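J.: Can you read through this structure? Questions will come right after.
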Amino acid sequence: MMLIPTHHFRGIERKPEYLQPEKCIPPPHSRPAGTMWFIRDGCGIACAIVTWFLVLYAEFVVLFVMLIPSRDYVYSVINGLVFNLLAFLALASHCRAMLTDPGAVPKGNATKEFIESLQLKPGQAVYKCPKCCSIKPDRAHHCSVCKRCIRKMDHHCPWVNNCVGENNQKYFVLFTMYIALISLHALIMVGFHFLHCFEEDWTKCSSFSPPTTVILLILLCFEGLLFLIFTSVMFGTQVHSICTDETGIERLQRKNQRRQRRGSWKSVKETFGGAFSLHWFNPFSGPSHPKPLSDRDWVRQVSSVSDTENTETTTEEPSEERKDLDSAEVVDE
């Protein structure tokens, strides 16, 4: 067996079964191909419902308080079409981000037979996740909500009830962008509507009573301002992560990545699905999915000097320090 640094022993002594691949067996009922991805998390489902409710509330106020009662039909038609298009794209992006597999690693593949088939060489190791009994490829992290290891996991977002990972980051970016745009659009319309109502009789600028109209507009203004700030920050953070080829977890852990980073433009094209086109903004157009993981993708080079002193190989359980980082991998927004 390979010599293992002293700080590894604490975790090994507590959970010796973590280093026994024969304890890992595939799950009795594997997920059929083509099955819709959906996380059964009460908090996430509630947050997703609240998201849809707030968008529909904005839709109601914009249409029935501001646009339909307006006597300027051109203004109403143009703004109605723009707002409804952005709202549709935002909700479509939300559904795609929520119902798309973010890049889950096959569950229960850390079996003795599979590890032996990798034919590890001196200086190589595989990292096994004891929580889902899976081999963790490079840049994969375990999510305690999804109960799976997710490739290139950025964070778990309760508002879309899913992890943001390799396969659905585009949809999450589009969701934040379209929500920011409809929030800005709603705020502008609220401002114009207030000016219009102050100049004219309040009873003529809305089909609701003046107090009800003011309350509805103030709530929409508060909602729009809050979501504009929140989603703009998230959009900027996601774009920065894509351009720097660094996930939120990697940035949080402040690890020195020895991997070769991709160029900013290449990373953007892979995330959004090819060269720049209108498909980038289409939530029904998928990203450029990477090739299926090969045997060498499961194997990592042992980086520490003490790990390479012996020429034999082993399957490694993450150290106590590494498990402490894993416990912080689910970063709620």
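The values are calculated or read from the model by the stated rules, or taken from the named source; none is laboratory data. Since this is a predicted model, take the numbers as computed values, not measurements. Note: ideal-geometry Cβ built from the backbone for every residue, glycine included; neighbour counts use all protein chains shown. Quick note on the areas: whole protein, heavy atoms, side chains included, nothing else; ligands and nucleic acids left out. Shrake-Rupley method; radii C 1.70, N 1.55, O 1.52, S 1.80 Å.
J.: From the list LEU226, LEU195, LEU220, which one is without any contact (Cβ under 8 Å) to a residue 60 or more places away in the chain and farther than 15 Å from TYR75 by Cβ? Even if it seems obvious, please write down each step before you answer.
T.: Details: LEU195 fails: farther than 15 Å from TYR75 by Cβ; LEU220 fails: without any contact (Cβ under 8 Å) to a residue 60 or more places away in the chain.
After applying the criteria, what remains is LEU226.
J.: Which ones in the stretch 156-170 are open to solvent by 10 Å² or more (accessible area, probe 1.4 Å) and touching a helix residue (DSSP H, G or I) at 6+ places or on another chain (Cβ under 7 Å)? Give the steps one after another, and end with the answer.
T.: Within the stretch 156-170, the subset open to solvent by 10 Å² or more (accessible area, probe 1.4 Å) is 158-159, 166-167, 169.
Those that are open to solvent by 10 Å² or more (accessible area, probe 1.4 Å) and touching a helix residue (DSSP H, G or I) at 6+ places or on another chain (Cβ under 7 Å): PRO158, TRP159, GLN169.
J.: For the stretch 89-127, how many residues meet the condition of being among the hydrophobic types (A, V, I, L, M, F, W, C) and over 20 Å from the mean Cα position of the chain (by Cα)? Don't jump to the end; show me each part of the working.
T.: Quick first cut of the stretch 89-127, residues among the hydrophobic types (A, V, I, L, M, F, W, C) only: 89-92, 95, 97-99, 104-105, 110, 114-115, 118, 120, 125-126.
If we keep only those that are over 20 Å from the mean Cα position of the chain (by Cα) as well, we get 110, 114-115, 118, 120, 125-126.
Residues in the stretch 89-127 being among the hydrophobic types (A, V, I, L, M, F, W, C) and over 20 Å from the mean Cα position of the chain (by Cα): 7 in total.
J.: Same structure, new question: For the stretch 109-210, which strands (runs of 3 or more DSSP E) that fit wholly inside it have 2 or more residues that are over 21 Å from ILE45 (Cβ atoms)? Reasoning before the result, please.
T.: Details: elements: 124-129, 134-136, 140-143, 148-151, 155-157, 162-164.
Of the strands (runs of 3 or more DSSP E) lying wholly inside the stretch 109-210, those with at least 2 residues that are over 21 Å from ILE45 (Cβ atoms) span 124-129, 134-136, 140-143, 148-151.
J.: Name the residues in the stretch 127-162 that are among the polar types (S, T, N, Q) and farther than 12 Å from GLY103 by Cα, would you? Explain how you work it out, then say what you get.
T.: If we filter the stretch 127-162 for residues that are among the polar types (S, T, N, Q), which is where we start, we get 134, 144, 161-162.
Residues satisfying the conditions are SER134, SER144, ASN161.
J.: Taking the conditions exactly as written (closer than 24 Å to SER183 by Cα, at pLDDT 85 or above and touching a Cys at 6+ places or on another chain (Cβ under 9 Å)), does PRO102 satisfy them or not? Show your work before the answer.
T.: Details: closer than 24 Å to SER183 by Cα: no; at pLDDT 85 or above: yes; touching a Cys at 6+ places or on another chain (Cβ under 9 Å): yes.
No: the conditions fail for PRO102.
J.: Somewhere in the stretch 67-84, is a residue more than 17 Å from PHE192 (Cα to Cα), open to solvent by less than 30 Å² (accessible area, probe 1.4 Å) and touching a residue at least 60 places away in the same chain (Cβ under 8 Å)? Lay out the reasoning, then the answer.
T.: Within the stretch 67-84, the first condition is being more than 17 Å from PHE192 (Cα to Cα), and the residues that meet it are 81, 84.
This time we only want the ones that are open to solvent by less than 30 Å² (accessible area, probe 1.4 Å), so: none.
The answer is no, given that none of the residues of the stretch 67-84 is more than 17 Å from PHE192 (Cα to Cα), open to solvent by less than 30 Å² (accessible area, probe 1.4 Å) and touching a residue at least 60 places away in the same chain (Cβ under 8 Å).
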